[in-house]
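Data first, discussion second: the structure below is written as structure tokens.
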Amino acid sequence: MQRERPQLVVSDRKGKIFNIPYLAVGMKAGSFFPLALKDLVRLPQGSELFMLPSRKPVGYDTAAKDFVVPDGYSAVAAFVSPGHTITYNSAYIEDKKVDRLPLFSYGAVAFYKGEFYVTALRVDREPRQDIRFMDISAVKKNAKSLRKQFSKNRLFRHLEACALCYGCPAAKNLFLKRYEAPLPTSPSCNSRCIGCISYQPGKGCPITQPRIKFVPTDEEISEVALYHIRNVKDPVVSFGQGCEGEPLLVAKTIERAIRLIRKETKKGIINLNTNASKPDLVRRLSDAGLDSIRVSLNSVQELYYNRYYKPRSYRFKDVISSIRVMKNKKGFVSVNYLIMPGFTDSKTEFSRLKRFISKERIDMIQLRNLNIDPIYYIRALKFSIARKELIGIKDMIVSLKSDFPHLMLGYFNPSRTRVTRTSKRNI
Ligand code: SF4
């Protein structure tokens, strides 16, 4: 390969990762795309490189002008650090019999001028989950002192395990008194997402963190929330975490907790990450003082929504009703938009998304990578697409910015300062 180009990154059987002289390639819904420098950014700090077992890498031979599957190697992918959205998946061919990949996202990697690069975009500048600013010894020290201060509070104990055993950045931020604190409450859920990180039926694939096993009391919840709100300049506290089911299933407890919090302070944002399945309960929580909701969606098309969420006892229209309830109550509505290159950037999905944003007056799209085996996902959605029907994640984001100047794009639940700044623009 004459002029230096982004090279294919592979792994040997022992997991040693290196580059070989083929052009790097990205994958979308099973189709392959030779990569150019404009598709790549330096691998962000805090990202991880994975060797993908039973998957052969795909490269591009610029001389033969064709894709190649070099023998004797395994494919490599990047799990990029929070705040970055991937635009292509790692390109590979599955062996005949393969196990499902664990619940991470798999970005395409390249090697260029001595450094690793990835097909991703930085969509949020906030260092909220940047591990360089998360001093684990400070987490341990504060967790210890809180154990004395709130010795009977089970929720603090649960979050201590989340921070120190599972490395949850949200739980660490609680003990570091910064940004957003998690308030998990619900052991059960009325969805059966195929990519649920806390519940995977049968031998599908391992969960990344266990679910909370108890419903904390309203006092325990408000104690954690008030501790955070009082110790952080522009705080956010959020129900609906990776280590729980659906918070709306324990809405009565959450309603009492919100009233306890708002009786003490008007400061900060009380947010609910949710599948938004119960509009009446969203109304009650809003009346109690809930400021914002983040609605989780892999698609704005009911067919593909159902194939991912497998909703139980609710329908897609209930999700829409919850959004309208919150908007009518002047609440802030974000979408936790689960991005998969090759599906999310399809012309149909994108035109539906634009219609959805304007019709439902969405305030923010959080461009989150969907942590799931990309090939397994596309098969589960029974989705196939021609290359020419794809517009590109990068172009999709550029178009969202120009078509919806009021719309906030990012990765994290915004603080009151950011919400106020945006809503002023919205009113
Ligand atoms: S809504 Fe959340 S908790 Fe429920 S199945 Fe889906 S990912 Fe899991």
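The values are calculated or read from the model by the stated rules, or taken from the named source; none is laboratory data. On a predicted model such as this, the values are computed, not experimentally measured, just so you know. Cβ coordinates were reconstructed from backbone atoms using ideal geometry, including for glycine residues, and neighbour counts include every protein chain displayed. Accessible surface areas use protein heavy atoms only, side chains included; no ligands, DNA or RNA. Shrake-Rupley method; radii C 1.70, N 1.55, O 1.52, S 1.80 Å.
A few comments on the model shown:
- For the chain, share of DSSP beta bridges that run antiparallel, in % to the nearest 5: 60 percent
- Cα gyration tensor category, rounded, prolate or oblate, for the range 7-122 with a/c compared to 1.5: rounded
- Restriction of the trypsin sites (Lys or Arg not before Pro) in the range 309-407 to DSSP coil positions whose beta-carbon has at most 16 other beta-carbons within 10 angstrom yields Arg312, Arg315, Lys329, Lys330, Arg361, Lys382.
- A straight line joining the Cα centroids of the range 82-128 and the range 227-248 runs 28 Å.
- Think of it as helices only: each DSSP H run of n ≥ 4 in the chain is worth -39500 (n - 2.57), and spread over all residues that comes to -9500 deg cm²/dmol at 222 nm.
- With all protein chains in place and a 1.4 Å probe, the accessible surface of the chain carries 53 percent carbon and sulfur.
- Distance between the C-alpha centres of the range 274-306 and the range 6-45: 37 Å, rounded to the whole angstrom.
- For the chain, the Cβ-based charge dipole about the Cα centre amounts to some 1100 debye (Lys, Arg positive; Asp, Glu negative; other atoms uncharged).
- Average Cα contact separation per residue, the chain, under 8 Å, 6 or more apart, as relative contact order %: 14 percent
- Taking every protein chain into account, the 1.4 Å probe leaves Cys165 with about 100 Å² of accessible area, to the nearest ten.
- Relative contact order computed over the range 100-212 (Cα-Cα under 8 Å; 6+ residues apart), in percent: 25 percent
- Within the chain, Cys165, Cys189, Cys205, Cys243 have no other Cys Cβ under 4.7 Å of their Cβ and so lack a disulfide-compatible partner by this rule.
- Residues of type aspartates and glutamates that Lys401 reaches as a straight line, Cα spacing below 20 Å, ignoring anything fewer than 8 places off in the same chain: Asp39, Asp124, Glu126, Asp345, Glu349, Glu360, Asp363
- Too-long pairs where the Cα-Cα distance tops 27 Å, listed order kept, from Lys329/Lys394; Lys56/Lys172; Lys172/Lys347; Lys28/Lys354: Lys329/Lys394; Lys56/Lys172; Lys172/Lys347
- Pairwise label distance in nanometres, Thr417 with Glu48, each label 7 Å out on the Cα-Cβ vector: 3.2 nm
- List Phe383, Phe116, Phe343, ordered by accessible area with a 1.4 Å probe, largest first: Phe116, Phe383, Phe343
- To the nearest 10, the accessible area of Thr185 is 0 Å² with a 1.4 Å probe.
- Efficiency of FRET from Cβ geometry, Ile131 and Val69, R₀ 22 Å, rounded to 0.05: 0.05
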